[in-house]
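Undergrad: Below you will find the structure I want to go over with you.
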């Protein structure tokens, strides 16, 4: 994975320039998509001149030249006989759901804030969040339902794209566990709680999160006719003196622990362990970058980590499964079962008290 040892000097230098001009390429690709040029070339299925593209997309010829020349340089367009056409790269930029979610998220949530990545790394604080979204909050999480509309839509679109892909398979497993009481730690707007409540009428779930997220979850639960199964407790998850509700069958942590630094992860797992009844289990779902079946998954996950630094909390990242195995052991838990390959490269770790 990521083996560049066989690249010659010229190819390596070209790749270096792609990185150097990456921000410019990104914005041009986004506008080629959002301003309809990719769509036009896909729909017509033929090469078009600058003047035709300009007329059909209601853009100036100057704009089309700037964007299409960049599109040609990035491999999204071909340029032959003064006409442009769409390549496979352009097709995926236009149509692929994962690429769209990643691009929207990186533009609407991350782009401006990552300018402050250096300060964020040096201080281990989300300086980008505080500068761009004008807040003194130490993390992004209390602000999620209050973000500007495009940023909010893109954040949840990104989050749900990756979590939803694993839902059906995870629900099939969890229904067989016959859980009566569950904590959904960091349950956000209740997507998982509502799904498991709908699938398992005998299960009650308590969401532990910020009050704003719980309020939103209650609205969603009522709309899904499972309000009687979904409860909530507002809690500061970073205050490790606050104990979780106890004597539960299960503690669910899906795409949650990667939102924290190592010490916080260990403390959260300890609190989860202490919440279990005698036969209880902790269920951890994470997309670990060392458990991906293709380097595409690892690439996307590794490069999501700077978001956590500059905008989320300044301390967390996307982890390897091998790192989590250590955290679990240090928290007094042991892995009872581990299943890879859910959705877009998620792993389910089922843990018991050691």
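The values are calculated or read from the model by the stated rules, or taken from the named source; none is laboratory data. Everything numeric here is computed off the predicted structure, so don't read it as measured data. Cβ coordinates were reconstructed from backbone atoms using ideal geometry, including for glycine residues, and neighbour counts include every protein chain displayed.
Undergrad: Checking the conditions here, which among 196, 127, 173 is touching a residue at least 60 places away in the same chain (Cβ under 8 Å) and over 27 Å from residue 314 (Cβ atoms)? Full working, then the answer.
TA: Working: 196 fails: touching a residue at least 60 places away in the same chain (Cβ under 8 Å); 127 fails: over 27 Å from residue 314 (Cβ atoms).
Unique residue meeting the criteria: 173.
Undergrad: From the list 99, 168, which residue is under 20 Å from the mean Cα position of the chain (by Cα) and surrounded by 16 or more Cβ atoms within 10 Å (Cβ to Cβ)? Reasoning before the result, please.
TA: Values: 168 fails: surrounded by 16 or more Cβ atoms within 10 Å (Cβ to Cβ).
Going through 99, 168 in turn, just one is under 20 Å from the mean Cα position of the chain (by Cα) and surrounded by 16 or more Cβ atoms within 10 Å (Cβ to Cβ): 99.
Undergrad: Could you check how many residues of segment 232-257 are assigned to a strand (DSSP E or B) and under 19 Å from residue 279 (Cα atoms)? If you could, list the steps in order and put the result at the bottom.
TA: Applying the first criterion (assigned to a strand (DSSP E or B)) to segment 232-257 yields 232-234, 248-254.
Cutting the leftovers down to under 19 Å from residue 279 (Cα atoms) gives us 248-253.
Summing the residues that are assigned to a strand (DSSP E or B) and under 19 Å from residue 279 (Cα atoms) in segment 232-257 gives 6.
Undergrad: Test residue 263 against the criterion of being modelled with pLDDT of 95 or more, surrounded by fewer than 15 Cβ atoms within 10 Å (Cβ to Cβ), out of contact with any strand residue (DSSP E or B) (no Cβ under 8 Å at 6 or more places or on another chain) and under 24 Å from residue 155 (Cα atoms), and give yes or no.
TA: Numbers: modelled with pLDDT of 95 or more: yes; surrounded by fewer than 15 Cβ atoms within 10 Å (Cβ to Cβ): yes; out of contact with any strand residue (DSSP E or B) (no Cβ under 8 Å at 6 or more places or on another chain): yes; under 24 Å from residue 155 (Cα atoms): no.
In short, no.
Undergrad: Could I ask something else about it? Can you list the helices (runs of 4 or more DSSP H) lying wholly within segment 78-180 that have 3 or more residues being on the phi > 0 side of the Ramachandran plot and not assigned by TED's automatic domain parsing to the domain that holds residue 342? Explain how you work it out, then say what you get.
TA: Working: elements: 88-95, 97-105, 117-123, 127-132, 149-177.
Of the helices (runs of 4 or more DSSP H) lying wholly inside segment 78-180, none has at least 3 residues that are on the phi > 0 side of the Ramachandran plot and not assigned by TED's automatic domain parsing to the domain that holds residue 342.
Undergrad: Still on this model: Kindly check whether there is at least one residue in segment 9-18 that is under 33 Å from the mean Cα position of the chain (by Cα) and under 17 Å from residue 77 (Cα atoms). Give the derivation first.
TA: So the first thing to find is which residues in segment 9-18 are under 33 Å from the mean Cα position of the chain (by Cα), and the list is 11-18.
Retained after the next criterion (residues that are under 17 Å from residue 77 (Cα atoms)): 18.
Yes; the residues of segment 9-18 include at least one that is under 33 Å from the mean Cα position of the chain (by Cα) and under 17 Å from residue 77 (Cα atoms).
Undergrad: Here is a further query. Please go through segment 1-56 and give me each residue that is in contact with a helix residue (DSSP H, G or I) (Cβ under 7 Å, 6 or more places away or on another chain), in a loop (DSSP other than H, G, I, E, B) and within 17 Å of residue 70 (Cα to Cα), ordered by number.
TA: Correct list: 35, 36.
Undergrad: Quick test for you: out of 114, 144, pick the one residue that is more than 24 Å from residue 189 (Cβ to Cβ), in contact (Cβ under 8 Å) with a residue 24 or more places away in the chain and within 18 Å of the chain's Cα centre (by Cα). Even if it seems obvious, please write down each step before you answer.
TA: Working: 144 fails: more than 24 Å from residue 189 (Cβ to Cβ).
Matching residue, one of 114, 144: 114.
Undergrad: On the basis of being without any contact (Cβ under 8 Å) to a residue 40 or more places away in the chain, in the same structural domain as residue 157 (by TED's automatic domain parsing), out of contact with any helix residue (DSSP H, G or I) (no Cβ under 7 Å at 6 or more places or on another chain) and closer than 21 Å to residue 311 by Cα, does residue 263 make the cut? It would help to see each step written out before you state the result.
TA: Details: without any contact (Cβ under 8 Å) to a residue 40 or more places away in the chain: yes; in the same structural domain as residue 157 (by TED's automatic domain parsing): yes; out of contact with any helix residue (DSSP H, G or I) (no Cβ under 7 Å at 6 or more places or on another chain): yes; closer than 21 Å to residue 311 by Cα: yes.
The answer is yes for residue 263.
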